[in-house]
Amino acid sequence: MAERPRPPFWRITGMESRDTDDHRRNIPPGSAVLLTTELNDPTKTEQTMEFPITLLNKEQLTHDVVRLTLERPKGYEFTAGQAIDFKLDLPEVKDKVSPFTFTGLRTDDHLELTIKCYPDHHGMTEQIAKLQTGDEVIISEPFDTVELKGPGVFIAGGTGMTPFIAILRQKQVDGALAGNSLFFFNKKKEDVFMEDEFRGWLGKDFHSVLSKEEAPGHLHGMVSADLLKAHIKDFHQPFYTCGPEGFVNAVKGALTSLGASEEMIDVQF
Ligand SMILES: Cc1cc2nc3c(=O)[nH]c(=O)nc-3n(C[C@H](O)[C@H](O)[C@H](O)COP(=O)(O)OP(=O)(O)OC[C@H]3O[C@@H](n4cnc5c(N)ncnc54)[C@H](O)[C@@H]3O)c2cc1C
């Protein structure tokens, strides 16, 4: 598959071009490794850090989505909606770097990732599915994905939900959920993760939409102007959408046809 383009608000760390030298293998968990990447201007450098950390727990949320609980390095800070570049020191994924989004709270004493695994891609997530408690993973410093512009409508496709989990979880803790709503699109009921939490946070403002089956308590259909119009009254509020490229484009097309600003925030996975 061709490399997917990164939206402009992603910070390009240049990690893709780094090697995985043996000297990094024996670093104690939690230590930071400082890397220097040359930018276009040879007089300037960008310094980025890598953090080898321990997997504390792995929980299966659905048939293919896992929640990883990870050691939090001392002094490691992030905000809701930020992502990291993720590596494993395994020959199967040598030199591979995959972005994932924190789904825990910035005040938690551990880090949390929620990851959909694709064993048939024979890539990073096939190896993630095999990880066990005590294994080491390597994460970068956090970088921004979603820039918030106030309360609005969050529209997620599959694991495109992940940046919104942290954002909505933080709003819930801050008592700031009023005025937000969430549409979570999946193929089938078995694909829907954290449904109880989302219903608990948002009540009637949470909409689960299934495209490939009908089920009580879930809407049915693909993303369309008709479906969104039936459940959203105000198209002059912030919209945030995240998911696969085709999904995000369908959401943006439907919303702009209903009068929403083309300036809406989107992240493509
Ligand atoms: C900023 C950002 C944040 C993200 N956060 C999360 C998150 O929190 N949780 C999450 O689950 N995902 C997240 N993603 C998506 C995630 O990075 C990818 O889904 C994941 O890396 C894909 O893993 P993989 O095992 O397919 O393979 P890779 O190791 O990336 O690829 C393995 C092989 O599979 C092929 N392949 C890749 N995609 C497809 C496809 N769609 N169909 C067919 N073949 C394919 C590739 O060509 C490659 O040869 C995020 C993406 C971005 C950009």
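Readers should treat all values here as calculations from the given coordinates under stated rules, not as data from a laboratory. Everything quoted here is computed from the prediction, not taken from an experiment. Note that we place each Cβ from the backbone using ideal geometry, even for glycine, and neighbour counts take in every protein chain shown.
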Mean-position separation - Cα centroids, region 224-253 and region 163-180, in angstrom:
19 Å
Collect residues whose amide H, placed 1.01 Å from N in the peptide plane, falls under 5 Å from the amide H of F269; neighbours closer than 5 in sequence don't count.
G243, E245
Report, by chain and number, residues whose modeled amide H sits under 5 Å from the one on I155, excluding near sequence neighbours (fewer than 5 apart, same chain).
F183, Y240, T241, C242
Quick one: Karplus J couplings for region 253-263, per residue in order, coefficients 6.51, -1.76, 1.60, θ = phi - 60°, nearest Hz, x for Gly and Pro?
x, 5, 5, 5, 5, 9, x, 6, 5, 6, 7
Report, by chain and number, residues whose modeled amide H sits under 5 Å from the one on Y118, excluding near sequence neighbours (fewer than 5 apart, same chain).
T125, E126
Using only the Cα atoms of region 127-170, what semi-axes does the equivalent ellipsoid have when each is the square root of 5 times a gyration tensor eigenvalue? Give whole Å, largest first.
28, 14, 9
Equivalent ellipsoid, region 147-269 (semi-axes from 5 times Cα gyration tensor eigenvalues, Å):
19, 18, 13
Point-charge dipole on Cβ atoms (K/R +1, D/E -1) for region 119-241, about Cα centre, debye to 20:
500 debye
